[in-house]
Amino acid sequence: MCPAVGSKYQVVVEEERPRRLKRGTAEILRCYPVPIHFQNASLLNSQYYFSAELPMADMRSPTPFCVGDNRTYGGYWNAPLLPHKSYGVYYQAVSSANGETKIDCVRVATKGTATRKPEPEQEKQTDHTVKIAGSIAGILLFIIIFLGVILLMKKRRRNYHSYTYYL
């Protein structure tokens, strides 16, 4: 299959911000039809920007690409990634033919911490919950041991009286 006229690959970087997803809902992957330069992303309050655009004709074999290498590719600045932020990296193919454009994208990488640090308020609430659960478990364990000792003493007393013979 020959590549369509106007085919290209694009690398898109999206800053990951904490989102509240309802349980049981999956994240819907959407492609990025509107090209946004890094410099315009903050002005437009966009979470994503294009870091590279590579013509399909230049991509004859697998080529390594370093996201954030501070170089320009196809008019897009591949800006350095900030160490304290998390990013999703997407690779999308764009083909234009007969006045129609098709876009297909896939998430290829994630940069950032695997687990986010909990908010201080959430951390305090979790710590408080753990303390309460520990206290309840300790009290229940004490009650179980206490009841066990009482039952053992009654059983011994009952056994002692059942084998005692009076003369």
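The values are calculated or read from the model by the stated rules, or taken from the named source; none is laboratory data. In this text the structure is predicted, and so the values were computed from the model without any measurement. Here Cβ is always computed from backbone atoms with ideal geometry, including for glycine, and neighbour counts include all displayed protein chains. With ligands, DNA and RNA removed, areas are computed over all heavy atoms of the protein, side chains included. Shrake-Rupley method; radii C 1.70, N 1.55, O 1.52, S 1.80 Å.
What number goes with the only condition from (1) closer than 30 Å to Ser7 by Cα; (2) small (Gly, Ala, Ser); (3) at pLDDT below 90; (4) touching a strand residue (DSSP E or B) at 6+ places or on another chain (Cβ under 9 Å) that Ala93 does not pass?
Failing condition for Ala93: (3).
Restricting attention to the stretch 53-76, and to residues there that are touching an Asp or Glu at 6+ places or on another chain (Cβ under 8 Å) and not in a loop (DSSP other than H, G, I, E, B), which single residue is most open to solvent (accessible area, probe 1.4 Å)?
Initially, the stretch 53-76 is screened for residues touching an Asp or Glu at 6+ places or on another chain (Cβ under 8 Å), giving 73-76.
Filter once more, so that each one left must be not in a loop (DSSP other than H, G, I, E, B): 73, 76.
Details: Tyr73: 42, Tyr76: 21 Å².
Only one residue fits best here, namely Tyr73.
Would you point out the residue of the stretch 77-100, among those that are part of a strand (DSSP E or B) and free of Cβ contacts under 8 Å to residues at least 60 places away in the same chain, that is nearest to Leu54 (Cα to Cα)?
First, the residues of the stretch 77-100 that are part of a strand (DSSP E or B): 77, 87-97, 100.
Retained after the next criterion (residues that are free of Cβ contacts under 8 Å to residues at least 60 places away in the same chain): 77, 100.
On the way: Trp77: 12, Glu100: 19 Å.
Restricting to residues being part of a strand (DSSP E or B) and free of Cβ contacts under 8 Å to residues at least 60 places away in the same chain, the top hit is Trp77.
Got at least one residue in the stretch 98-113 being modelled with pLDDT under 85 and open to solvent by less than 80 Å² (accessible area, probe 1.4 Å)? Full working, then the answer.
Residues of the stretch 98-113 that are modelled with pLDDT under 85, as a first pass: 112-113.
This time we only want the ones that are open to solvent by less than 80 Å² (accessible area, probe 1.4 Å), so: 112.
For the stretch 98-113, residues modelled with pLDDT under 85 and open to solvent by less than 80 Å² (accessible area, probe 1.4 Å): present.
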